[in-house]
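Visitor: Starting off with a structure, shown below.
The values are calculated or read from the model by the stated rules, or taken from the named source; none is laboratory data. Predicted model, so just to flag it, every value in this text is computed and none were measured. Cβ coordinates were reconstructed from backbone atoms using ideal geometry, including for glycine residues, and neighbour counts include every protein chain displayed.
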Amino acid sequence: MKMIDLKFLIKGGDFDKVGTASSETKKVLKQLNIDPKVVKRTVVALYEAEVNIAAHAYGGEVRVTVSDHQIVALLKDEGPGIADIDRAMLEGFSTASPKVREMGFGAGMGLTNMKKNADELQVESTPGAGTTVKMIFDF
Amino acid sequence: MMKIEKIVQLLDAHILCGHHRASDTISHAFSSDLMSDVLTLDAENILLITGLANVQIIRTAEVADIHYLVIVRNKKVSEDIIAIATELNMVLIESPYSMFKASGILYTHGLIPLY
């Protein structure tokens with residue numbers, strides 16, 4: 001399979017556009033006839049990650065690469081970063097604003113759900129600079 | 001199994017988009033205003049009953065492979081949102097009933113809860 005490389009930008013606070021990267025990625029993965037279960041795992045995790053950038057960061061970039069047996073999603077943001085990643089990974093822990101909660105998010109389930117859906121999840125963060133999330137999905 | 005048109009009738013509702021799928025049938029439903037919860041569901045082809053009327057319900061439904069949504073309590077869905085749902089071939093239904101009443105009616109008529 002020819003390697004496919006997708007790139008999207010996300011603006012912090014732009015909740016009208018959040019989900020665009022996941023939506024476009026879903027279309028491409030479906031066209032590639034990738035197993036629907038893998039497609040769902042990928043786009044659910046990617047959407048959670050997009051929401052996190054819109055909810056917490058000033059802006060970020062999403063890159064999705066698809067190769068023979070793997071999908072890699074790399075999300076880099078500029079933002080406040082995560083002070084304590086282990087704590088952020090705990091289900092129920094959230095620093096989301098009331099506005100984000102009103103939209104149906106911010107329950108502290110995003111990172112847990114990303115971990116559940118991805119075969120591999122790496123989170124690196126520099127407080128005051130930003131966060132990088134890498135997710136790998138095998139198929 | 002229940003037809004979409006039966007759901008519309010039971011909930012005194014109307015279809016905002018996806019009229020051509022009114023005779024589709026579904027068996028299971030889930031009620032939530034927490035999209036994070038919807039994103040953890042291990043099921044497709046369900047009915048989502050929600051009190052939210054923002055674009056996130058459509059994006060959440062899209063990634064979660066949910067095609068049928070009931071928006072309760074007469075929350076007004078914007079034309080932009082209806083346009084996105086139409087493009088995604090979803091069925092959006094608007095009901096004046098509360099989430100509790102809508103869920104209760106559908107439950108007593110045989111729709112199965114996911115959990």
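Visitor: Among A:ILE53, A:ILE82, A:ILE71, which is touching a helix residue (DSSP H, G or I) at 6+ places or on another chain (Cβ under 6 Å), closer than 15 Å to A:THR131 by Cβ and not hydroxyl-bearing (Ser, Thr, Tyr)?
Guide: Values: A:ILE53 fails: touching a helix residue (DSSP H, G or I) at 6+ places or on another chain (Cβ under 6 Å); A:ILE71 fails: closer than 15 Å to A:THR131 by Cβ.
Of A:ILE53, A:ILE82, A:ILE71, the one residue that is touching a helix residue (DSSP H, G or I) at 6+ places or on another chain (Cβ under 6 Å), closer than 15 Å to A:THR131 by Cβ and not hydroxyl-bearing (Ser, Thr, Tyr) is A:ILE82.
Visitor: Out of the residues in region A:18-41 that are at the interface with another protein chain (Cβ under 9 Å from one of its Cβ atoms) and surrounded by fewer than 18 Cβ atoms within 10 Å (Cβ to Cβ), state the one that is nearest to A:GLU61 (Cα to Cα).
Guide: Of everything passing the filter in region A:18-41, A:THR20 is nearest to A:GLU61 (Cα to Cα).
Visitor: For region A:1-101, please list each of the helices (runs of 4 or more DSSP H) lying entirely inside it that holds at least 3 residues being out of contact with any strand residue (DSSP E or B) (no Cβ under 7 Å at 6 or more places or on another chain) and under 16 Å from A:VAL123 (Cα atoms).
Guide: A:36-56, A:85-88
Visitor: Taking region B:75-94 only, how many residues are out of contact with any His (no Cβ under 8 Å at 6 or more places or on another chain) and touching a residue at least 40 places away in the same chain (Cβ under 8 Å)?
Guide: 5
Visitor: Which one of these is farther than 24 Å from A:PHE139 by Cβ and not basic (Lys, Arg): A:LEU74, A:LEU46, A:LEU90?
Guide: Result: A:LEU90 is the single residue among A:LEU74, A:LEU46, A:LEU90 that is farther than 24 Å from A:PHE139 by Cβ and not basic (Lys, Arg).
Visitor: Checking A:PHE93 against (1) touching a Lys or Arg at 6+ places or on another chain (Cβ under 8 Å); (2) loosely packed, with under 14 Cβ neighbours inside 10 Å, which single condition isn't satisfied?
Guide: So the condition that A:PHE93 fails would be (2).
Visitor: Take the conditions at pLDDT 95 or above and surrounded by 15 or more Cβ atoms within 10 Å (Cβ to Cβ) and apply them to B:ILE112. Does it pass? Break it down into steps so the answer makes sense when it comes.
Guide: Values: at pLDDT 95 or above: yes; surrounded by 15 or more Cβ atoms within 10 Å (Cβ to Cβ): no.
Against the criterion (at pLDDT 95 or above and surrounded by 15 or more Cβ atoms within 10 Å (Cβ to Cβ)), B:ILE112 does not qualify.
Visitor: Still on this structure, please answer the following. Being loosely packed, with under 15 Cβ neighbours inside 10 Å, more than 14 Å from chain B (Cβ to nearest Cβ) and of a type in the set (Lys, Arg): is that true of A:ARG87 here?
Guide: Considered against the rule, which asks whether it is loosely packed, with under 15 Cβ neighbours inside 10 Å, more than 14 Å from chain B (Cβ to nearest Cβ) and of a type in the set (Lys, Arg), A:ARG87 comes out as yes.
Visitor: For region A:5-18, state whether one or more residues are basic (Lys, Arg), modelled with pLDDT under 95, in contact with a helix residue (DSSP H, G or I) (Cβ under 9 Å, 6 or more places away or on another chain) and closer than 23 Å to A:GLU102 by Cβ.
Guide: Yes.
Visitor: How many residues, within region B:17-29, are at negative phi and in contact with a Ser or Thr (Cβ under 9 Å, 6 or more places away or on another chain)?
Guide: 2
Visitor: Let me ask something else. May I ask you to say which residue of B:ASP12, B:ASP33 is assigned to a loop (DSSP other than H, G, I, E, B) and closer than 14 Å to B:SER103 by Cβ?
Guide: Result: B:ASP33 is the single residue among B:ASP12, B:ASP33 that is assigned to a loop (DSSP other than H, G, I, E, B) and closer than 14 Å to B:SER103 by Cβ.
Visitor: A further question follows. Does region B:58-74 contain any residue that is more than 12 Å from chain A (Cβ to nearest Cβ) and on the phi > 0 side of the Ramachandran plot?
Guide: Kept after step one, since they are more than 12 Å from chain A (Cβ to nearest Cβ), are these residues of region B:58-74: B:67-74.
Pick out the ones that are also on the phi > 0 side of the Ramachandran plot and you get B:73-74.
Taking every residue of region B:58-74 in turn, at least one turns out to be more than 12 Å from chain A (Cβ to nearest Cβ) and on the phi > 0 side of the Ramachandran plot.
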